[in-house]
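Have a look at the structure below before the remarks.
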Amino acid sequence: MNLRKKINLYTSVLFAFLLILMNISVYVFFSRLIFENEYTSISNEIHKITAIAHESMGTVPEDDLLRAFVPVNGMVRIVAEDRKVISAVTSSDEQELSRDQAEFFNGEVISTLEQDNSLYVLSSVPIVLPDGAIGNLQLTRSMETAAGILKTLRIVLGSVTLLAMIPVLVSSAFLSKIITNPVTSMTTTMREIRESGQFKRLTLEGKSKDELYQMGETFNHMIDLLEANFEKQKQFVSNASHELKTPLTVIESYSSLLKRRGLKEPSLFNESIDAIHSEAIRMREMTEQLLLLARHDEQHKLYIKSIDLKGFLRQIIRTYGEVYKRTIDLEADIEGVTFVQTDENKLKQLLFIFFDNARKYSDDVITVSAGIKEYEAYIRIKDRGIGIPGDELPKVFDRFYRVDKARNRKTGGSGIGLSIAKEIAEAIAVRIKLESTEGEGTAVTLFLKIT
Ligand code: ATP
Ligand code: MG
């Protein structure tokens with residue numbers, strides 16, 4: 001049985017039970033009152049008759065005496081000890097009463113009796129008959145009026161019970177609907193989530209912020225949290241795979257170089273070992289960073305130090321160019337040595353993201369220039385490739401955004417490189433400027449603080 005039916009059934013049965021109990025109590029109380037009233041009235045009456053009968057018995061014939069006291073709807077009679085009726089007078093409406101077998105009682109008695117489906121009240125008191133024997137003076141009176149009132153009362157109370165059940169049934173149906181609707185919609189939403197694998201929210205209705213509304217709200221918050229965690233995990237996996245691609249390629253290409261020519265060329269051996277070693281360290285740091293970000297949503301941990309910009313660029317351009325077999329020109333417009341304060345590995349990660357794009361979206365030579373401009377150092381990576389349409393420029397930093405997906409399909413990117421670049425740049429306080437002309441090429445300029 002579902003919840004709605006249970007609420008319906010329990011409330012209806014409870015209300016019906018209470019109503020019936022209440023009406024039965026009213027009926028019992030009222031009928032007792034009516035009977036007591038009848039008993040008191042008949043008792044008073046018979047005592048009055050007895051008093052007069054005692055005085056007049058013997059002088060006035062019994063029948064005449066009784067005729068004076070006969071009620072309009074009953075009978076009065078004198079019964080001897082052997083249950084023989086000495087005298088009886090019956091009202092014209094209740095003639096059948098006279099056929100009733102008389103009884104003799106020893107003391108004073110009041111009781112009800114039923115005859116031919118009619119209810120009567122009988123009162124009997126002992127009297128001394130003129131011959132000195134003991135007899136009973138009995139007064140019987142119809143209770144039709146009282147029975148009629150009680151019948152009407154039964155009909156009224158029964159109808160009231162039935163009528164009162166209508167609003168009870170309606171309100172219990174309404175109540176069960178109010179309670180079960182949010183539960184049902186929550187179950188439906190959960191089922192949809194399970195079947196579609198997508199996070200959905202409940203549509204919350206009603207302005208009264210009751211417990212059911214709060215339950216819905218809590219459910220939605222929980223889904224928010226689950227979705228946020230799920231997104232974070234997804235982001236972690238995509239970031240991790242994107243960022244590990246380049247160092248793994250560097251390691252792979254240098255190790256195969258070592259395998260082929262490493263033993264014959266000692267200089268190549270040293271260079272390869274250096275590149276592999278530094279990429280391995282960078283990879284370890286990167287995984288630590290990624291784990292940290294995924295777990296606590298913490299800020300990037302920075303290892304700031306002074307680095308010689310020119311030397312640094314020369315080294316990473318050499319590694320990158322070597323690995324991807326691309327020509328990268330360095331035009332350093334720096335006199336002497338310029339030191340910048342930054343996190344070396346993060347800057348490297350940032351440059352690799354832009355090198356990657358320049359490599360993927362152009363076939364010509366890539367030019368890297370560096371210099372000083374108004375208290376800032378800059379690094380510009382310029383390619384002569386397909387470029388980015390002007391209206392798409394602001395969107396390329398969005399996660400998973402790719403310009404013209406079909407065009408880029410062969411390069412197999414997923415559109416997260418630049419969103420990671422934006423995050424890293426913010427962490428190490430680097431400003432990015434992106435300029436591009438479709439069909440001509442793209443230039444990315446990074447501005448760094450100088451020591
Ligand atoms: P991923 O870097 O995740 O492998 P991706 O390179 O497509 O994939 P992003 O690096 O975020 O993703 O770049 C977003 C989009 O911007 C690219 O899909 C490309 O269309 C465009 N874009 C970025 N850099 C260049 C560039 N140098 N030349 C032309 N288009 C570019
Ligand atoms: Mg990219």
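Ellipsoid semi-axes for the range 304-449, based on the Cα gyration tensor and the rule √(5λ), read 25, 17, 14 Å when sorted largest first.
Overall, the chain carries a charge dipole of about 3520 debye about its Cα centre when +1 sits on the Cβ of Lys and Arg and -1 on the Cβ of Asp and Glu, all other atoms neutral. Remark on residue 115: its backbone amide H falls under 5 Å from those of 120, a criterion applied only to residues 5 or more positions apart or on other chains, H modelled at 1.01 Å from N. Per residue, the range 304-449 exposes 48 Å² of accessible surface when a 1.4 Å probe is rolled over the protein heavy atoms with every protein chain present. Here the Karplus curve 6.51 cos²θ - 1.76 cosθ + 1.60, taken at θ = phi - 60°, turns the phi angles of the range 23-40 into couplings of 5, 5, 4, 4, 5, 4, 4, 5, 5, 4, 4, 5, 4, 4, 4, 4, 4, 4 Hz, with x standing for Gly and Pro. Computed over all pairs of different Cα atoms, the Kirkwood value for the hydrodynamic radius of the range 219-296 is 14.7 Å. Extending 7 Å from the Cα toward the beta-carbon at both residue 32 and residue 261 defines two label points whose distance is 11.8 nm. Scalar couplings 3J(HN,Hα) for the range 259-269, obtained by applying the Karplus form with A = 6.51, B = -1.76, C = 1.60 to θ = phi - 60°, are 4, 6, 10, x, 6, 7, 10, x, 5, 5, 4 Hz; x denotes Gly and Pro. Please give the helix 309-324 orientation as an angle from the longest Cα principal axis of the chain, in degrees from 0 to 90, rounded to the nearest 10. Value to nearest ten degrees: 80. Among the listed pairs 259/433; 325/422; 301/373; 207/395, those with a Cα-Cα distance over 32 Å are 259/433; 207/395. When only Cα pairs below 8 angstrom with a gap of at least 6 residues are kept, the chain shows a relative contact order of 9 percent. Roughly how many percent of the accessible protein surface of the range 152-260 is carbon and sulfur, given a 1.4 Å probe and a whole-percent answer? The nonpolar share, carbon plus sulfur, comes to 64 percent. Compared with the dominant Cα axis of the chain, that is its longest principal axis, helix 144-196 is turned about 10°. Accessible surface calculations at 1.4 Å, restricted to protein heavy atoms, place the range 3-151 at 58 Å² per residue. Helix 211-257 and the longest principal axis of the C-alpha atoms of the chain enclose an angle of approximately 20°. Listed by chain and number, the lysines whose alpha-carbon sits under 24 Å from that of residue 6, ignoring those within fewer than 8 places in the same chain, are 177. Here residue 244 and residue 304 are evaluated by their C-beta separation; at R0 = 25 Å the FRET efficiency comes out at 0.60.
Summarising the amide proton neighbourhood of residue 332: residues at separation of 5 or more, or on other chains, whose placed amide H is nearer than 5 Å comprise 370. Counting only protein heavy atoms and a probe of 1.4 Å, the accessible surface of the range 3-151 is 57% carbon and sulfur. Note on the range 116-243: Cα convex hull, mean projected area over all directions, 18.0 nm².
Computed over the range 100-150, the range of Cα coordinates on each principal axis works out to 43, 18, 15 Å, biggest value leading. The alpha carbons of the chain give a radius of gyration and a Dmax of 54.4, 164 Å, in that order. Annotation: amide H of residue 338 within the under-5 Å range of 309, 310, sequence separation 5 or more or interchain, hydrogens built in the peptide plane.
Of all accessible surface on the range 304-449 at a 1.4 Å probe, what whole percent is carbon and sulfur? The nonpolar share, carbon plus sulfur, comes to 47 percent.
Here the label points at residue 228 and residue 68, each 7 Å from Cα along the C-beta direction, are separated by 10.5 nm in the simple model. Annotation note: GluC sites (Glu not before Pro) in the range 323-353 located in DSSP loop regions with a Cβ neighbour count of at most 12 within 10 Å are 335. Each principal axis of the range 331-405 carries a Cα extent, and these read 44, 26, 23 Å when sorted largest first.
The values are calculated or read from the model by the stated rules, or taken from the named source; none is laboratory data. The model shown is predicted, which means the values in this text are computed figures rather than measured ones. Cβ atoms come from the backbone with ideal geometry, glycine included; neighbour counts cover every protein chain shown. Ligands, DNA and RNA are stripped out before the accessible areas are found, and what is left, the full protein with its side chains, is counted by its heavy atoms. Shrake-Rupley method; radii C 1.70, N 1.55, O 1.52, S 1.80 Å.
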